[in-house]
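For reference, the structure discussed in these notes is given below.
Just so it is clear, none of the values below were taken in a lab; they were calculated from the coordinates. Computed from a prediction, not measured in an experiment: that's the story for all the values here. Using ideal geometry, Cβ is built from the backbone for each residue, glycine included, and neighbour counts are taken over all protein chains shown.
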Amino acid sequence: MAGQELQIEPIAGALGAEVGGVDLRSLDADTVAAIRAAFVQYQVLVFRDQDLSPEEQVAFGRHFGELDTHPFVEMNADHPEVLDIITEPEDRTGSNFGGGWHTDLTFMTEPDLGSILYAIDVPPAGGDTLFASQLAAYDSLSDTMKSMLDGLVAVHSPDRQYGMAGQSKNSKAMVAKEGVDASRETEHPVVRTHPESGRRGLYVNPAFTTKIRGMRRDESAALLEFLYEKGSREPFTCRVKWQPGTLTMWDNRSVQHFALHDYAGHRRHMRRITVKGDRPV
């Protein structure tokens, strides 16, 4: 199918849009370009009623760049770019189930550009995902706070999530790789400039950011706590309710997300791929 015209309906004021009128299995160059433009503008795109095999999801993702693999989690044996996230009815709940608020893989030197998540099995209620625009959060700051943050650098590490005592050990939704060192540290600017839109946004998150370089421990903790709270305020968020066949892609360069676990006793199977990104500046 060629020349598909996107039907875009915003979800919330800060970010997010549902996109209709498109079959993601068959895209021409103009439609891919339109999706890419909407992706940069809305940061979160939701496509309903898609019917995608793993191969078709991978093919869709490759329109936006080279696909990545997770350094600490076992990927699908038949499709190495695919990560199956399966929550069984007996899996435990908790406020940080799913990582709490986070931006994917910020402990990498070149974190992923974006994530593309497809719903296969969903609970009858619950299991929504929250998204927060870090561009909107930054825009809301005073000029004085912006000028202070613009020169700061934050340290990121996977240890809190994927180390020996990490949060990922609390769930069976993803299978952690054995014997992989999670003690690495990476530095990124506290404020990141989006490489396509040119907008500036906060680039710290409670899952992977450990401290701000050059600050005393109490100073760093206080400032990060303020930024975490600012970055997840309700006016900067949207909420996606999943249905089988829903595909959602989000811009990892400007968005945090939170997968809610409020569906104890039910199964949830999601299939994720990620697109490689570049070094934050």
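Using helices alone, I'd like the mean residue ellipticity at 222 nm for the chain: each DSSP H run of four-plus residues gives -39500 (n - 2.57), total over residue count, nearest 500. Intermediate results must be reported in sequence, preceding the final value.
Working: 6 runs with 54 residues, N = 281.
My calculation for the chain gives -5500 deg cm²/dmol from helical runs alone.
Looking at the range 7-275, send over the antiparallel percent of its DSSP beta bridges, to the nearest 5. Don't skip to the answer; put the middle values down first.
Values: 47 of 50 bridges.
Once the DSSP bridges in the range 7-275 are tallied, antiparallel ones form about 95 percent.
Expected output is a single nm value to one decimal: the length gained when fully extending between Ala77 and Asp278, i.e. 0.36 nm times separation in residues minus the C-alpha distance. What is it?
Working: separation 201, 0.36 × 201 = 72.36 nm, distance 2.67 nm.
Stretched out fully, the Ala77 to Asp278 stretch lengthens by 69.7 nm.
With each pseudo-label sitting 7 Å past Cα toward Cβ, what's the Met145-Glu225 distance in nm, one decimal?
Going by the 7 Å Cα→Cβ label model, 1.5 nm.
Say a paramagnetic label sat at a point 7 Å from the Cα of Ile86, along Cα to Cβ; which residues of the range 115-155 have their backbone N under 13 Å from it?
120-121
Between Glu196 and Asp49, 0.36 nm times their residue separation minus their Cα-Cα distance comes to what?
Numbers: separation 147, 0.36 × 147 = 52.92 nm, distance 2.89 nm.
Extending this stretch completely gives an extra 50.0 nm.
Place +1 on the Cβ of every Lys and Arg and -1 on the Cβ of every Asp and Glu in the range 7-275, take the dipole about the Cα centre, and give the residue among Tyr203, Gly127, Leu117 whose Cα lies farthest towards its positive end.
Positive-end residue among those listed: Tyr203.
Please get the size of the charge dipole for the chain, origin at its Cα centre, with Cβ charges of +1 on Lys and Arg and -1 on Asp and Glu, quoted in debye to the nearest 20.
Working: 29 positive and 41 negative charges, 170 e Å.
I would put it at about 820 debye.
For the range 28-124, what does the relative contact order come out to in percent, with C-alpha contacts under 8 Å and a separation of six or more? Show your work: numbers first, answer last.
On the way: 31 pairs, mean separation 15.0, N = 97.
Reported relative contact order: 15 percent.
Report the residue, chosen from Gly231, Gly245, Gly201, that carries the largest GNM mean-square fluctuation when the chain is represented by alpha-carbon nodes joined by springs under 10 Å.
Comparing Gly231, Gly245, Gly201 in a Gaussian network model of the chain, the most mobile one is Gly245.
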